[in-house]
1. Provide the per residue accessible area, probe 1.4 Å, for the chain, rounded to a whole number of square angstrom.
2. Sketch the reach of a paramagnetic label on Asp155 as a point 7 Å from Cα along Cα-to-Cβ, and name the residues of region 105-139 whose backbone nitrogen lies under 16 Å away.
3. Would you mind giving the average projected area, over all directions, of the Cα convex hull of region 48-135 in nm² with one decimal?
4. Determine the calculated [θ] at 222 nm for the chain from helices alone, applying -39500 (n - 2.57) to every DSSP H run no shorter than 4 residues and normalising by the residue count; nearest 500 deg cm²/dmol.
5. Work out, step by step, the length gained on full extension between Tyr50 and Glu93: first 0.36 nm times the residue separation, then minus their alpha carbon distance; give nm to one decimal.
6. Run the accessible area of the chain with a 1.4 Å probe and give the carbon-and-sulfur part as a rounded percent.
7. How do Ser60, Ser28, Ser114 rank by accessible surface area computed with a 1.4 Å probe, from largest to smallest?
Amino acid sequence: PAQHTEGLSNTTRDGRLAPLLENVGNLSYPVATRSPEAQRFFNQGLTLVYAFNHAEALRSFREAARLDPECAMAYWGQALALAPNINDPAIGEDREKQGYEAINEAVRRKAGASAKEQALIDALHARFSGDPGDRDALNRRYAEAMGKVYARYPDDPDVATLYADAVMNTSPWN
């Protein structure tokens with residue numbers, strides 16, 4: 001809850017929504033963007049999701065979207081950062097709403113994305129309904145959808161990681 005929205009409107013001294021961090025690794029997951037800087041912020045956001053720093057990941061993905069408003073994966077990343085995770089499975093209405101809005105922005109822009117990006121966007125779209133209602137069912141739908149993405153892209157370690165994460169979130173800490 002608050003950890004995902006608190007301080008997110010703060011900007012850096014240079015007007016960015018997030019700083020570029022140093023020494024957080026060298027993960028690179030190329031996405032459809034015309035902006036090398038948006039790509040750097042996308043990479044940083046995905047790195048931070050993997051490191052369970054979802055609030056900072058959200059800021060990075062928002063900065064990627066600010067830099068390239070047509071980058072569908074920047075909005076996908078926002079939804080991913082807002083989604084339930086193994087350490088915070090109960091997202092509540094505010095995060096559900098924000099995630100739903102973000103993934104719908106990704107869906108609106110997915111025509112400019114690669115086939116793999118479109119598959120990731122469609123899978124994450126299954127996780128949000130705009131109503132937190134039956135979160136367990138939504139998490140299962142996402143895991144099933146990610147299983148199909150993984151079947152199409154079994155050699156992509158990030159797809160495999162996202163699929164494993166999706167499956168783990170169907171029964172967090174159980």
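The values are calculated or read from the model by the stated rules, or taken from the named source; none is laboratory data. Note that the structure is predicted; figures quoted are calculated from it, not measured. With ideal geometry, Cβ positions are generated from the backbone for all residues, glycine too; neighbour counts draw on all protein chains shown. The accessibility values were calculated without ligands, DNA or RNA, using every heavy atom of the protein model including side chains. Shrake-Rupley method; radii C 1.70, N 1.55, O 1.52, S 1.80 Å.
1. Numbers: 8490 Å² over 174 residues.
With the other protein chains kept in place, the chain gives 49 Å² per residue.
2. 116
3. Numbers: hull surface 21.0 nm².
Answer in nm², one decimal: 5.3.
4. Details: 8 runs with 103 residues, N = 174.
After summing the helix terms and dividing by residue count, I get -18500 deg cm²/dmol.
5. Details: separation 43, 0.36 × 43 = 15.48 nm, distance 2.36 nm.
13.1 nm is the gain from fully extending Tyr50 to Glu93.
6. Values: 4260 of 8490 Å².
For the chain, the apolar C and S fraction of the accessible surface comes to 50 percent.
7. Numbers: Ser60 0, Ser28 75, Ser114 50 Å².
Per-residue accessible area, sorted high to low, gives Ser28, Ser114, Ser60.
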